[in-house]
Amino acid sequence: MSVKTHALVTTALVAAALMAAPAGAQTQPQAQGQAAAADSGTMKRADKDMRQVLDKLQSLGAKPIGTQSVEETRKGPTPADAVKAVLKDEGKDPDKLMAQMGVSKKDIAYTGPSGDMPARVYTPSGTAPQGGWPIVVYYHGGGWVIADLDTYEASAMGLAKQANAIVVSVEYRHAPENKFPAAHEDAITAYSWVLRNAGSFGGDPTRVALAGESAGGNLAINVAIAARQGNFQKPAHMLLIYPVAGTDLNTPSYKENANAMPLSKQGMEWFVQNATNGASDLQDPRLDVVGKADLKGLPPATVITAEIDPLRSEGKALADKLKSAGVDVTYRDFDGVTHEFFGMAPVVADAEKAQAFAGKELKEALAKGSATGSTSGGATKKQ
């Protein structure tokens, strides 16, 4: 048996075992001390900015993903909560800092397959250009199971400021109440709705890009694939931040970061268990993007990954596959940070750099108003 075949068989067996468990059931911890920084190995590799957030997250009582029920996990403290707590420890007001960004926000709704769904429009300060503001449709992370618009607000606001564009952060149906492909269906519907209704919130429907974090990154690229297939307008750009792009849980970064915080291999197994209907879903090209999706003809992409993240290898593999398919790709990996770092700009220096980098990529692509963008290959480490 080849190494590749063995990896696929192993992944299928893992998935089958997960699907045999009842929805919402807890998987066994890989190690009793997984929640402890000393056992995860994360703290030894994380830079000082990242360490202070993770220390605070633990002090708030966060439990490793995969060790509680869905309901308990949804109620637990998030990395965003930890950032706000760090700011308060430093004598800073998180709400005041957000207000100083000069980005306004308004809650709206779009009509999805199951009825109205929440969305939030973030608009930068200043006068809109002729024709309206360029738009970024943003999909939050959370493994299709947890988190919401509030959890990822810092990312959406940061992109609105850095890209000087309206960011429409859209909600979608969550699993296990609505399993795959419900979130993907909502993501496509939301993008189509934004194209039709851009003028109602001051946006320019001819200049629209996609962005997403983690599971949201997976949604973003699948929307672009759907658009390429002729359903609606092709986006100008894809910003994919540590995207879920494959179904192989035995990649180098999964092995290296099996017990990492805040996302571990166990956590991803738990998301898979709750989000999918069975092992056959993992063969779907919408989930196994790097293995089975056709990426030809997609718009330019910016892919960002984090060093201490089980998803790093598949993020890099996605960038490589996009490039091989003829897509213009800019890829950057950030050392010393973990999954979820992107929205931590007020306290993590690399998050501020990542947002500025992503904003520049989006701004350049949206200025052209078509599927053209910057071209770069390979990883660019932080300076």
Per-q log10 I(q)/I(0), the chain, q = 0.08, 0.11, 0.14 Å⁻¹ (Debye; single scatterer per alpha-carbon; no solvent): -0.36, -0.71, -1.22
Using only the heavy atoms of the protein chains and a 1.4 Å probe, how would LYS363, LYS44, LYS316 rank by accessible area, largest first? LYS44, LYS363, LYS316
Using every pair of alpha-carbon atoms in the range 107-218, split the distances into 10 Å bins beginning at 0 and state the percent of pairs per bin, rounded to integers. 15, 50, 28, 6, 0
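Counting alpha carbon pairs within less than 8 Å and at least 6 residues apart, what relative contact order, in whole percent, applies to the chain? Write down the numbers at each step before the final one.
Values: 808 pairs, mean separation 73.8, N = 383.
Value for the chain: 19 percent.
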Environment charge of ALA209, counting only residues whose C-beta is closer than 10 Å and scoring Lys/Arg +1, Asp/Glu -1: +1
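For the chain, what is the mean residue ellipticity at 222 nm derived from helices alone (per DSSP H run of n ≥ 4: -39500 (n - 2.57); sum divided by total residues; nearest 500 deg cm²/dmol)? Provide the component values of the computation, followed by the final result.
Working: 15 runs with 155 residues, N = 383.
Result for the chain, helices only: -12000 deg cm²/dmol.
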The long-range amide H neighbours of ALA325, using H built 1.01 Å from N in the peptide plane and a cut-off of under 5 Å, are none
With every protein chain in place, what's the accessible area of ARG120 (1.4 Å probe, Å², nearest 10)? 20
Calculate, for the range 165-250, the solvent-accessible area per residue in square angstrom, rolling a 1.4 angstrom probe over the heavy atoms of the protein chains. 25
Can you tell me the order of 86-96, 59-69, 189-199, 209-219 when each peptide is scored by its average per-residue count of other Cβ atoms within 10 angstrom, highest first? 209-219, 189-199, 59-69, 86-96
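Please give the contour-minus-distance gain from ASP320 to GLN229: 0.36 nm per residue of separation, less the Cα-Cα distance, rounded to one decimal in nm.
Working: separation 91, 0.36 × 91 = 32.76 nm, distance 2.17 nm.
Once the chain is fully extended between ASP320 and GLN229, it gains 30.6 nm.
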Integer Hz, Karplus 6.51/-1.76/1.60 couplings in order for the range 330-335, x for Gly and Pro: 10, 10, 9, 10, 10, 6
What does the charge count near VAL86 come to, summing +1 for each Lys or Arg and -1 for each Asp or Glu among other residues with Cβ under 13 Å from its Cβ? 0
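The values are calculated or read from the model by the stated rules, or taken from the named source; none is laboratory data. Everything numeric in this text was worked out from a predicted model, so none of it was measured. FYI the Cβ positions are ideal-geometry reconstructions off the backbone, even for glycines, and counts take in every protein chain you see. Side chains are part of the model used for accessible areas, which takes the heavy atoms of the whole protein and leaves out ligands, DNA and RNA. Shrake-Rupley method; radii C 1.70, N 1.55, O 1.52, S 1.80 Å.
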